[in-house]
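Written below as structure tokens is the structure these notes are about.
The values are calculated or read from the model by the stated rules, or taken from the named source; none is laboratory data. For clarity, every value in this text was computed on a predicted model and none was experimentally measured. Counting neighbours? That spans all protein chains shown, and the Cβs are built from the backbone with ideal geometry, glycine included.
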Amino acid sequence: MKNKNKPKIPDYSNLGRDKVPEEFKWKVNDVYTSMDEWEKDKSLLLDMIEKIDILAKGWTSSPGKMFDLLNHLDELEKKEYRLYVYSSLLVDTDMGNSQFQATKGEMQTIDVNIHSKLTFINPDILKLGKKKIDEYLETDPRLEVYRMAFDNVLRRKKHILPSDKEGIVAQTGLFSGAPGKAAGMLNDLDIPSPGLTLSNGKKIRLNTAAYSRHRGSKNPGDRRKVMRTFWKHRAGFKNTHAVLLDAAIKNHYFNARVHHYKNCLDAALYPDNIHPGVYHTLIQTVKENLEPLHRYLRLKTRLLKLKIMNYDDIYASAIPEIDRAYTIDNAKDLLLQSMKPLGKDYIQVLQKGLNSGWADIYPNKGKRSGAYSNGSIYDLHPYVLMNYNGKYSNVSTLAHEFGHALHSWFSNAAQPYPLSHYPIFLAEIASTFNENLLVDYLVKTETDNRLKLFILDQHLEGIRGTLYRQTLFAEFELSMHREVENGKTLTHDRLCEKYLELTRQFYGHKEGVVKVDKYIENEWLGIPHFYYNFYVYQYSTGIAASTALARMVLEGGKAEQTRYLDFLKSGSSKYPLDTLKDAGVDLTTPEPIETTISSFDEIVGEMEKIVEKIEQ
């Protein structure tokens, strides 16, 4: 029965941008008040780019000249980010606007040109050498903010090419992303969508959005039909996808070889000073601890009233969603309540962000789907894109994205510009940390056992998708790169074989936990992250770090709160593993991963107890 008192959530999804009330839009005018102002700043940026050649002459001959160039590049980068973010904000809320698309494309081209122009910097730093750089740092304290950057260049000495060669390699950026873009076009636009009739007689066109919506259907027959139809149809394009993925991985290999790295993994991890052992420890520890995942999947099988779970059933919610809607004001209040363990300073910034035009709340016609946080404008504030629909999952997403946003805000506020951008390796920690605190608050305060069960199930699904599934992806990605490094070409047969093998292993196919049918071998075709060059493992290490940190804050006191806030403020002032060690998490050991898996197992146990109460 539907709840007659359920609050109504505004729906602007079929309306133009101009029909959405201003209170629900992000304030793009905080960046530029008009496109004319944007154009003027772009002209200034182009002038700044021209000035690089003047400042570059003899830039390492004295500390003062060195600072002048580096400071100029900081100001240039800040202006470039501001221009790019403005165009992105406009495009993402009105994707059909060709003028907005053109401005964003223009900024992407300018970015490639800037990087091509700066290839002299690292070779010149290497020529100057550590001894001279130390003298300059002593002589001119203004250079201190670049110490980490100097250290990172010197550390990578054998991997940096002479400037003329780096210039040539930089130009490959104009086309190196083409395989990933082509795969995206195939998946999102060019592959025709098969038709399908659901059990209720409704005919649908099974595009990517419809697949995501219907794969978790309450009807087992529908979700089976959706999963099998979608992936068997996609299999017709696996030859093209294999060629594109092979090209992308070979581009990674080219960059690794030309920069004298032993292999692609080293090349991807070395710039952030991440030891490859972190990657291997993650895979090994997760694979040694698959039983909690299997325990959860067995519980899910029982709750779904299935004799055996098929992989087709993975996305079905084990708990029917409670008919409860959260208004955006409800969601904001839940965030503010659940983040109280972080103290007054955090709450004040969060409150400001939620109510001062940082976020674009509701979907409108032509707005991009999904959610993200963009925190790259140093002297302003982050922006958060939402497509809020009132479901609990959107409350969790709001917590997630504002975790990113406040990470950026605290980092920008605490660090000078050159040290303000936290590395990608740390990017998914603050977001999932907020999800942990939200779940903890709701489980402690919610009285409806069914809703509590639903929230816990959603949380476990998040960990399944982030820790277990992304680690599966990480092993698959490592396997692909090793094939190419061994002189082989990635064929669809090999890719399908490896993906099926790993999926069956992770989901307990042989143990009878989940039956993974052969058609699942095609699922790799739809994973865009395989083009991102060892990106996915950071989702797994991120959830492990955030779970450990959340446990420390919730079980600790002022000291643990301060350590976490110091983590948010750290930016790139240290290498990421050192930043995490200061916060109390050591990812060179299995401990944070084991803590996350232990927490996962405890929640499964809590769910089992609630199920028993409900059944009684």
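Just a few scattered comments:
- Residue, surrounded by the fewest Cβ atoms within 10 Å (Cβ to Cβ), within the range 383-427, restricted to residues that are in contact with a helix residue (DSSP H, G or I) (Cβ under 7 Å, 6 or more places away or on another chain) and β-branched (Val, Ile, Thr): 424
- Of the residues making up the range 317-346, those that are among the hydrophobic types (A, V, I, L, M, F, W, C) and within 16 Å of residue 392 (Cα to Cα) are 318, 319, 322, 325, 328, 331, 334, 335, 336.
- If you go through the range 282-309 and keep only what is of a type outside the set (S, T, N, Q) and assigned to a loop (DSSP other than H, G, I, E, B), you end up with 290, 304, 305, 306, 307, 308.
- Of all residues in the range 310-328 being touching an Asp or Glu at 6+ places or on another chain (Cβ under 8 Å) and either in a loop (DSSP other than H, G, I, E, B) or of a type in the set (Gly, Ala, Ser) (or both), the one that is farthest from residue 520 (Cα to Cα): 322
- Test: residue 530 is part of a helix (DSSP H, G or I), farther than 13 Å from residue 429 by Cα and under 15 Å from the mean Cα position of the chain (by Cα): yes
- Residue within the range 179-201 that is outside any loop (DSSP other than H, G, I, E, B), within 30 Å of residue 45 (Cα to Cα) and either touching a helix residue (DSSP H, G or I) at 6+ places or on another chain (Cβ under 8 Å) or at pLDDT 95 or above (or both) present: yes
- Selected residue (criterion: farthest from residue 423 (Cα to Cα)) from residues of the range 139-175 that are of a type in the set (Val, Ile, Thr) and surrounded by fewer than 15 Cβ atoms within 10 Å (Cβ to Cβ): 139
- Identity of the residue in the range 428-464, among the acidic types (Asp, Glu) and part of a helix (DSSP H, G or I), that ends up surrounded by the most Cβ atoms within 10 Å (Cβ to Cβ): 435
- Tallying residues that are among the hydrophobic types (A, V, I, L, M, F, W, C) and either more than 19 Å from residue 170 (Cβ to Cβ) or not in a helix (DSSP H, G or I) (or both) within the range 71-113 yields 8.
- The range 181-208 - residue that is in contact with a Pro (Cβ under 8 Å, 6 or more places away or on another chain) and either within 30 Å of residue 123 (Cα to Cα) or of a type in the set (A, V, I, L, M) (or both) and, of those, surrounded by the most Cβ atoms within 10 Å (Cβ to Cβ): 183
Per-residue answers, yes or no, for (1) exposed (fewer than 12 other Cβ atoms within 10 Å of the Cβ); (2) in the same structural domain as residue 108 (by TED's automatic domain parsing):
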{"site": "13", "(1), (2)": "no, no"}
{"site": "33", "(1), (2)": "yes, yes"}
{"site": "36", "(1), (2)": "yes, yes"}
{"site": "39", "(1), (2)": "no, yes"}
{"site": "45", "(1), (2)": "no, yes"}
{"site": "48", "(1), (2)": "no, yes"}
{"site": "53", "(1), (2)": "yes, yes"}
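- Summed over the range 114-132, the residues that are hydroxyl-bearing (Ser, Thr, Tyr) and either part of a loop (DSSP other than H, G, I, E, B) or surrounded by fewer than 16 Cβ atoms within 10 Å (Cβ to Cβ) (or both) give a count of 1.
- For the residues 318, 256, the requirement of being closer than 30 Å to residue 401 by Cα and surrounded by 20 or more Cβ atoms within 10 Å (Cβ to Cβ) singles out 318.
- One residue alone among 525, 554, 587 is within 19 Å of residue 437 (Cβ to Cβ) and either touching a residue at least 60 places away in the same chain (Cβ under 8 Å) or outside any helix (DSSP H, G or I) (or both), and that residue is 554.
- Verdict on residue 602 being in the same structural domain as residue 407 (by TED's automatic domain parsing), assigned to a helix (DSSP H, G or I) and in contact (Cβ under 8 Å) with a residue 40 or more places away in the chain: no
- Extreme residue, surrounded by the fewest Cβ atoms within 10 Å (Cβ to Cβ), among residues of the range 294-315 that are among the hydrophobic types (A, V, I, L, M, F, W, C) and in contact with a Pro (Cβ under 9 Å, 6 or more places away or on another chain): 306
- Test: residue in the range 344-356 that is touching a Ser or Thr at 6+ places or on another chain (Cβ under 9 Å), of a type in the set (S, T, N, Q) and not in a loop (DSSP other than H, G, I, E, B): no
- Restricting attention to the range 476-513, the residues being of a type outside the set (A, V, I, L, M, F, W, C), touching a residue at least 12 places away in the same chain (Cβ under 8 Å), part of a helix (DSSP H, G or I) and more than 27 Å from residue 257 (Cα to Cα) number 4.
- Residue pairs whose Cβ atoms lie under 9 Å apart, separated by 6 or more positions or on different chains, with the first residue in the range 268-296 and under 24 Å from residue 599 (Cα atoms) and touching a residue at least 24 places away in the same chain (Cβ under 8 Å) and the second part of a loop (DSSP other than H, G, I, E, B) and aromatic (Phe, Trp, Tyr), are 279/534; 290/507; 293/507; 294/507.
- So residue 245, is it closer than 27 Å to residue 168 by Cα and either surrounded by 20 or more Cβ atoms within 10 Å (Cβ to Cβ) or without any contact (Cβ under 8 Å) to a residue 12 or more places away in the chain (or both): yes
- Just so you know, in the range 36-45 the residues that are of a type outside the set (Asp, Glu) and in contact (Cβ under 8 Å) with a residue 12 or more places away in the chain include one that is farthest from residue 74 (Cα to Cα), and it is 38.
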